[in-house]
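Trainee: Before I ask anything, here is the structure I am working with.
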Amino acid sequence: MALRKIAVEELSSDQAVEELAALAAEIAEHDRHYHQEDAPVISDADYDALRRRNEAIELRYPDLVREDSPSKSVGATPSEKFGKVRHAVAMLSLGNAFDADDVADFDKTIRRFLSLGDDAALAFTAEPKIDGLSISLRYEAGELVMAATRGDGAEGENVTANVRTINEIPKTVAASDFPDVFEVRGEIYLSHQDFADINEKQSKAGGKVFANPRNAAAGSLRQLDSSITASRPLRFFAYAWGEAGNLPGDTQMGVLEAFQRWGFPVNQLTEVCDNVDGLLAHYAEIERQRAELGYDIDGVVYKVNRLDYQDRLGFRSRTPRWAVAHKFAAEKAMTILEDIEIQVGRTGALTPVARLKPVTVGGVVVSNATLHNEDEIERKGIRIGDTVVVQRAGDVIPQVVEFVADKRPEDAEPFVFPKVCPACGSHAVRDVNEKTGKVDAVRRCTGGLICPAQRVERLKHFVSRNAFDIEGLGDKVIVEFYHDGLIQSPQDIFSLEVRDQKSLKRLKDREGWGETSVRNLFAAIDERRTIGLDRFLYALGIRHVGETTGRVLARSYGTLEALRFAMLEAAADRDGEAFADLNNIDGIGTTVADALAEFFGEPHNLKVFDELCEHLTVTALEAVDTGSPVSGKTIVFTGALERMSRDEAKAMAERLGAKVSGSVSKKTDLVVAGPGAGSKLKKAAELGIEVIDEDDWFVRVGQD
Ligand code: IVH
């Protein structure tokens, strides 16, 4: 293969695309030999050389990194091989706490939410955070009927056959109080000893070794051949639940005790603590025992013990309010800073990346680390050639902490941050925040849509899963089409078919394409010509407008036309009513409002926006019909509430499908007023809007 002989530095971007595709296929093939047949066909060294080449090309062409790149895989069988399972109750992740102050804040925020005074009892469980992979086990009539990985939280992979081979997981539960339908959730992991044994066996067979027990557990569970999983001594701890007919207790600890009675392993270091001091003491105790546990843990998880409190506290978009992971301090290592490269992100931010002499930190080889921004490099005084301390904290990107002064080479020069964008040559500037007068930490390329780095990244974002999600138009195809001039701007996606019909160089004749795949692509694009306003807004990649903000905006403005009109008004006059309305929306702060005004105030953007809209039918966000009496209604809470805090009231109303607004207007359906309500009550009366008190509210929503 001629391409394989070309040095990485010499590869053109077209060649790199081809080579990355070939490497992905070859490495996947070797992984198959290795994982499924336990019979590698090349030596470990040759296999590593392929992966290193893949990595080196990706380093040089970060834009070309494939969705299926071997550098992204943990050595497991690709997930498409398993059936998908939609979780009856989403599998969420946990917020983090890093020090005692964060833990105190966790307690304080909960007390505020629940309107509990400082002296009121509020107990928590504290248990090790197991560094494995989470699993949901569904039992019906006492039989294990389904085991699913977390996946993206909403949908996981069906790994039932493999999980059945795990001894520590009961296949049937006979207890008389075991509900008819029950999902036990917990962590699958490997002990240090079993991990070492597996690696020894692998390396004796000339195979690849796993980087750490977590990867080995994941690789072992996601085998197509269950007999391989069966040969790996996977273990399990139960710590949570999903769909549950009824619960065997009214506290977290009570449920864990039932788990234990039912035959599930429960971590014996779990304890109930009465207050923050108790949590911190137990954290210290678990940390002291960490090295002797025989399995990896990366922190301690605290959960509110009372389940009625857990219910009231509910969830933020991805994490529960009633639990937090208190992480152990980061692991550190020393290495040499070989270079500082500047990457340009989707929003034009120039980010310095440290290229490091590869070093193992906490069991993982690290060769890149973030340096955050220009000031950070200056503040830390880091120079190329320095010996630096690198740290990894949990799954956070590795960071350069500091340099080692007495190891600095004599010729090391201070780093000069570029003032032009390395991707397009446009000036790169640091904004001054109008309000604070402070200079932004981030230097940004001013090239906007002419900057290739931003364009490609914006396009990738545009078609990403939670945005337009066009099947067959993933990162790799976007990059290819971009480089070939087929898609330069989002609206080009929707004119692709028409242009293709007129073109001499038809898509169907491209390498890797054919009639069917092109037809499928066009069908997939057509399918997305109708899209919800929330997704559309998110897809535009406006700074600070993520999915949640997209939804808030869609809910508030209703239609595309109303939104466009309001945004133009807001952009034209920041002191005007439209900007104030935008700023007043619950969940939108000045930063977001400013970012929207800036976006819509820029003619380039408006042009793209309007051209896109010509191709699309943008639909209003459908109100979530929760079937509750307040579903789809706009509600204002005012005055002092006595049975719940304002945050709790808001979360409760939203859970029931209502919108919560901070001010009374024609659009308000209902005002819930407590003692001391003033002007809002008056306004409601003027507008003839229904007003009820807090007790009525609980009756109305059937929770009295
Ligand atoms: S509770 C809704 N408890 O950590 C909350 N998670 O960083 C459910 N994990 O996805 C999670 N040990 O995979 C919980 N004792 C423990 C845990 C634990 C490990 C994992 C779990 C979760 C991740 C969040």
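Trainee: Leaving ligands, DNA and RNA out of it, rank 642, 140 by accessible area with a 1.4 Å probe, largest first.
Mentor: 642, 140
Trainee: Let me ask something additional. How are the alpha carbon pair distances in the chain distributed across 20 Å bins from zero to the largest one, expressed in percent?
Mentor: 14, 44, 38, 5, 0
Trainee: Can you compute the modelled spin-label distance between residue 154 and residue 432, with each label point 7 Å from Cα toward Cβ, in nm?
Mentor: 4.4 nm
Trainee: Cut-off under 30 Å on the C-alpha distance; same-chain residues fewer than 8 positions from residue 438 excluded. Which lysines are left, in chain and number order?
Mentor: Result set, ordered by chain and number: 380, 419.
Trainee: For the range 106-177, what's the relative contact order in percent, using C-alpha pairs closer than 8 Å and at least 6 residues apart?
Mentor: Relative contact order here is 19 percent.
Trainee: Follow-up. Using DSSP to call loops (not H, G, I, E or B), can you name the trypsin sites (Lys or Arg not before Pro) in the range 101-167 whose Cβ has at most 15 other Cβ atoms within 10 angstrom?
Mentor: Listed in order of number, the matching sites are 164.
Trainee: Under the 0.36 nm per residue contour assumption, what length would be gained going from the current alpha-carbon distance of residue 334 and residue 509 to full extension?
Mentor: In short, 57.9 nm is gained.
Trainee: Cross-link candidates for residue 129: which lysines have Cα within less than 19 Å, leaving aside residues fewer than 8 places away along the same chain?
Mentor: Reachable lysines: 303, 327.
Trainee: Let me ask something else about it. What Rg and what Dmax come out for the range 625-704 when only alpha-carbon atoms are used, in angstroms?
Mentor: Answer for the range 625-704, Rg first and Dmax second: 11.5, 32 Å.
Trainee: For the chain, can you list the cysteines whose C-beta has no other cysteine C-beta under 4.7 Å from it?
Mentor: 273, 613
Trainee: Could you pull out every one of the lysines with an alpha carbon less than 24 Å from that of residue 680, ignoring same-chain neighbours closer than 8 positions?
Mentor: Filter leaves 633, 650, 659, 666, 667.
Trainee: Could you tell me the calculated FRET efficiency between residue 483 and residue 51, based on Cβ-Cβ distance and R0 = 35 angstrom, to the nearest 0.05?
Mentor: Result of the calculation: an efficiency of 0.90.
Trainee: Report relative contact order for the chain in percent, whole number only (criteria: Cα-Cα under 8 Å, sequence separation at least 6).
Mentor: Computed value for the chain: 9 percent relative contact order.
Trainee: On average over all directions, what projected area in square nanometres does the range 247-316 have, based on the convex hull of its Cα atoms?
Mentor: So the mean shadow area of the Cα hull is 5.8 nm².
Trainee: Taking 8 Å as the Cα distance limit and 6 or more residues as the minimum spacing, I'd like the relative contact order of the range 65-206 as a percentage.
Mentor: 26 percent
Trainee: Please list 134, 663 in order of solvent-accessible area, largest first, computed with a 1.4 Å probe with all protein chains present.
Mentor: The ranking, largest first, comes out as 663, 134.
Trainee: Label-point separation (nm) for residue 10 and residue 100, each offset 7 Å from Cα along Cα-to-Cβ?
Mentor: 6.1 nm
Trainee: What are the principal axis extents of the Cα atoms in the range 507-587, in Å, biggest first?
Mentor: For the range 507-587, the Cα extents along the three principal axes come out at 55, 21, 21 Å.
Trainee: Given the chain, what percent of its DSSP beta bridges are antiparallel, to the nearest 5?
Mentor: If I count the DSSP bridges inside the chain, around 85 percent turn out antiparallel.
Trainee: Further question on the same structure: Given R₀ = 60 Å, what would the calculated FRET efficiency be for residue 3 paired with residue 115, taking r from the Cβ atoms and rounding to 0.05?
Mentor: 0.35
Trainee: Heavy atoms only, probe 1.4 Å: what % of the accessible area of the chain goes to carbon and sulfur, would you let me know?
Mentor: For the chain, the apolar C and S fraction of the accessible surface comes to 49 percent.
Trainee: Now for a different question. Modelled label-to-label distance, residue 573 and residue 439, 7 Å Cα→beta-carbon offset: nm?
Mentor: Here the answer is 3.6 nm between the modelled labels.
Trainee: Mind putting a number on the dipole of the chain about its Cα centre? Charges go on the C-beta only, +1 for Lys and Arg and -1 for Asp and Glu, and I need it in Debye to the nearest 20.
Mentor: Taking the Cα centre of the chain as origin, the dipole is about 700 debye.
Trainee: Let me ask you something else. Give, in nm to one decimal, the length gained when the segment between residue 67 and residue 140 is fully stretched (0.36 nm per residue of separation minus the Cα-Cα distance).
Mentor: Full extension from residue 67 to residue 140 adds 22.6 nm.
Trainee: Let me cross-check residue 669: its accessible surface, 1.4 Å probe, with only protein heavy atoms counted, in Å² to the nearest 10?
Mentor: 70 Å²
Trainee: Follow-up. Quick check: with the 1.4 Å probe, what order do 498, 366 take by accessible area, largest first?
Mentor: If we order 498, 366 from most to least accessible, we get 498, 366.
Trainee: Which residue, 313, 198, 227, has the largest displacement toward the positive end of the dipole of the range 194-345 when charges sit on each Cβ (Lys, Arg +1; Asp, Glu -1)?
Mentor: 227
Trainee: Express in whole angstrom the spacing between the alpha-carbon centres of the range 108-152 and the range 578-630.
Mentor: Each part reduced to its Cα centre gives a spacing of 35 Å.
Trainee: Here's another thing I want to ask about it. Within the range 462-501, report the GluC sites (Glu not before Pro) that DSSP leaves as loop and that have at most 16 other Cβ atoms within 10 Å.
Mentor: Sparse-neighbourhood loop GluC sites (Glu not before Pro): 471.
The values are calculated or read from the model by the stated rules, or taken from the named source; none is laboratory data. Keep in mind the model is a prediction, meaning the values are calculated, not measured. Don't worry about glycine lacking a Cβ; one is built from the backbone with ideal geometry, like all the others, and counts go over all protein chains shown. Keep in mind that these areas ignore ligands, DNA and RNA; they rest on the heavy atoms of the full protein, side chains included. Shrake-Rupley method; radii C 1.70, N 1.55, O 1.52, S 1.80 Å.
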